[in-house]
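Colleague: Quick one: the structure is below, and I'll ask about it shortly.
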Amino acid sequence: MPDVTNQLLSSVGAPAPLRGADVGAARERTRRRRLWWIAALLTPLMVWMWWRVLTGDPVGPPSMPTIDPLYLMAGLFFLFLLLIIVASSVGGGRSPHIVVRPEQIEVGLDDVVGIDVVKAEVVRTLNLFLAHRTFAIEMGGRSRRGVLFEGGPGTGKTHTAKALAKEAGVPFLMATATSFQSGLQGASQRKVRNFFKALRKAARQYGGAIGFIDEFDAIALRRPTMSMSPQPANPSSGLLSCGGLVGLPALARTVTPSVVTTPFTGGGDAQMTVNELLVQMQSFDQPTGGQKLYGALVDVINLVLPAHRQLKGPGPARANIMLFASTNTAERLDPALLRPGRFDQRLSFDLPGKVGRRQIVDHFLARKAHVAELDGEERRDALAAITHGYSPAMLEGLLDEALVQAVEAGRRAMTWQDVEHARLVTEIGLGQPVTYTAHEERLIATHEAGHATVAWLVAPQRRLEVLTIIKRRDALGLLAHGDTEEVYTRARGEMERLIQIAFGGQVAEEVFFDDISTGPSGDLQYATTVAAQMVGAAGMVETLVSFAAVQGSAFSDSGIVGRVLGDSEGRRMVEQVLTTQRDAVRLLLAENKHLVAALRDALVERHELIGTEITDILQAAQRAHESATADAPAVIDLRDPVTVDDPDVG
């Protein structure tokens, strides 16, 4: 037995779910006990029936009494009304769950890709649940009761839950949080109670049961009386974080309403629903009806028994239950729900990295029609690289849109060009037919060519993806560019080069038209944001003061840009950064007008350039310029003095 126990505990960390384990043994014991009860109930009945047969008095059908049809119809009518009343009362508090069976789900754990760390932790949690008895007896541990899936939309929370339902091997009760909500006062709490009651019943019948509530925040929001201010960080903890430049969330204020109302429908019922969740998640182990009856009988008998002869009541009825829940906004949940003993673990479903996206791309392309070009390692790596920030759902949507592009072109399989056009459609929008004037078309083409030229010259590590003058949403033209490799931090030089790329369009207009249009407004906004982060958040310009730490002032609720620009000294430093980078771009484009002109002419002719089409034009223009410069005769300025090194001369 110890060898079996050790083997079982060592298998908890295996990459696949356990089969059988304690849950399977409990289910087998329950099945045998159920058969014994059936046999015990049926045996006396069968003996009595055989005795009647052997004595010549077999059991026949009962004789029905004669009833007046009028009385029968009246009785049925009132019985029907009674049933309607009972059904409306009972049905209003019925648990909204559905029991999901493995054969009803096509998704397995093998289909959960790109989130290997989270997947491994889910499997470990499931294995602890399946081996709960051994874990408790041998090690004194308590298996996790609740696991919260948190993360943005489309990151795989519900997908993982479906795979879990297929692999768990126990009843999986699934419900959406909105299905617990009701317009009748108290009905939501009854639904919650009945949901956990169904979980306990299934756990006793099958050795364990798993519940899953999707969009959990719909019934578990923070109660009004709970503080909404985050706990301050412990300054003595010695923890330092290294992160990118992101906007800090505004600190929410504590709101205490002066008047608390509890109408027939509304917020009061929502608060009581949270309270019911707290009670049920803490009270998984509740006695059954039979145990309650047995306990009541024992209590009655003990009233007449002396203290040394008191009978023992029933022991605790442990139900092996685990609850999974998913939410996009975990920070809005009631903190009492998130403590250990209720939700013991919070798993964050983050956006996949490049390696994860590559796995997801392989998974989806194995099921979608595509040409042989997309089977190449280089193309798939490129697709994983250009989809930085994509969730798994967005990646699937991108490939589905690529298939739509292929169908519209009369093909049965997607190509790389279909993927690129699909990315334009999903990220930027459909191209809108706009008739520019000749001057506008040339101006917009020059503006976008300036962006691309500066990006190619100062940031060769960036990938030029799309250059277009086709109107999409609010953009008359655009340059899409990204990092060749996935990065999470930026150096000061990189930040400065991003500002230079943003100024490329405005400076190109100055160089070629000696004027500036309204087109660079979005570029200036982007450049100002980057410069403000350099000044106020990263300590890259003159000051080491972090404007993100501002509290209790008029600017504490604004973003980092508002805080920096609201300070006169911060505004001066931002202006200095922007002016310096703009002057650098002016010198750069003055020396490389030929590159801007080549891209501009190609855009006017073709309207849209994708990927290597951009760099091919720039490289060809650079080679032509270098060749023309090398073939040009040398010009000697006769006004310069001639230095003669020959000692015999003069």
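The values are calculated or read from the model by the stated rules, or taken from the named source; none is laboratory data. Here the structure is a predicted model, which is why all the values come from computation and not from measurement. Ideal geometry is used to build each Cβ from the backbone, glycine not excepted, and the neighbour counts take in all protein chains shown.
Colleague: Could you grab me the full set of residues in the stretch 590-624 that are assigned to a helix (DSSP H, G or I), aliphatic (A, V, I, L, M) and over 14 Å from Ala508 (Cα atoms)?
Modeller: Answer for the stretch 590-624, where residues must be assigned to a helix (DSSP H, G or I), aliphatic (A, V, I, L, M) and over 14 Å from Ala508 (Cα atoms): Ala602, Leu603, Val604, Ile614, Ile617, Leu618, Ala620, Ala621, Ala624.
Colleague: Checking the condition in contact (Cβ under 8 Å) with a residue 12 or more places away in the chain, closer than 26 Å to Glu106 by Cα and aliphatic (A, V, I, L, M), which residue from Val170, Val192 passes?
Modeller: Val170
Colleague: Can you tell which of Leu457, Leu464, Leu479 is part of a strand (DSSP E or B), at pLDDT 85 or above, assigned by TED's automatic domain parsing to the domain that holds Ala527 and over 13 Å from Leu603 (Cα atoms)? Please lay out each step first, then the result.
Modeller: Details: Leu457 fails: part of a strand (DSSP E or B); Leu479 fails: over 13 Å from Leu603 (Cα atoms).
Of the residues listed, the single one that is part of a strand (DSSP E or B), at pLDDT 85 or above, assigned by TED's automatic domain parsing to the domain that holds Ala527 and over 13 Å from Leu603 (Cα atoms) is Leu464.
Colleague: Considering only the stretch 402-412, I want to know if a residue exists there that is more than 30 Å from Gly477 (Cβ to Cβ) and either among the basic types (Lys, Arg) or not in a helix (DSSP H, G or I) (or both).
Modeller: yes
Colleague: With respect to Arg411, determine if the residue is in the same structural domain as Ala475 (by TED's automatic domain parsing), on the phi < 0 side of the Ramachandran plot and basic (Lys, Arg).
Modeller: So Arg411 does not fit the description; no.
Colleague: Is there a residue being at pLDDT 85 or above, buried (at least 17 other Cβ atoms within 10 Å of the Cβ) and within 28 Å of Leu374 (Cβ to Cβ) anywhere in the stretch 429-444?
Modeller: The answer is no, given that none of the residues of the stretch 429-444 is at pLDDT 85 or above, buried (at least 17 other Cβ atoms within 10 Å of the Cβ) and within 28 Å of Leu374 (Cβ to Cβ).
Colleague: I would also like to ask the following. All but one of (1) under 18 Å from Gly211 (Cα atoms); (2) touching a residue at least 60 places away in the same chain (Cβ under 8 Å) hold for Arg318; which doesn't?
Modeller: (2)
Colleague: Another question, then. Inspect the stretch 417-426 for any residue being acidic (Asp, Glu) and assigned by TED's automatic domain parsing to the domain that holds Asp583 and give the result as yes or no.
Modeller: Checked against the condition, which is being acidic (Asp, Glu) and assigned by TED's automatic domain parsing to the domain that holds Asp583, the stretch 417-426 yields no hits at all.
Colleague: For Asn320, state whether it is touching a His at 6+ places or on another chain (Cβ under 6 Å) and either surrounded by 14 or more Cβ atoms within 10 Å (Cβ to Cβ) or in the same structural domain as Leu221 (by TED's automatic domain parsing) (or both).
Modeller: On the way: touching a His at 6+ places or on another chain (Cβ under 6 Å): yes; either surrounded by 14 or more Cβ atoms within 10 Å (Cβ to Cβ) or in the same structural domain as Leu221 (by TED's automatic domain parsing) (or both): yes.
Yes: the conditions hold for Asn320.
Colleague: Looking at the stretch 341-398, which of the residues that are of a type in the set (S, T, N, Q) and in contact with a strand residue (DSSP E or B) (Cβ under 8 Å, 6 or more places away or on another chain) is farthest from Arg463 (Cα to Cα)?
Modeller: Here the residue is Gln345.
Colleague: Now for a different question. Out of the residues in the stretch 260-315 that are loosely packed, with under 15 Cβ neighbours inside 10 Å and acidic (Asp, Glu), which is modelled with the highest pLDDT?
Modeller: Among them, the one singled out is Asp299.
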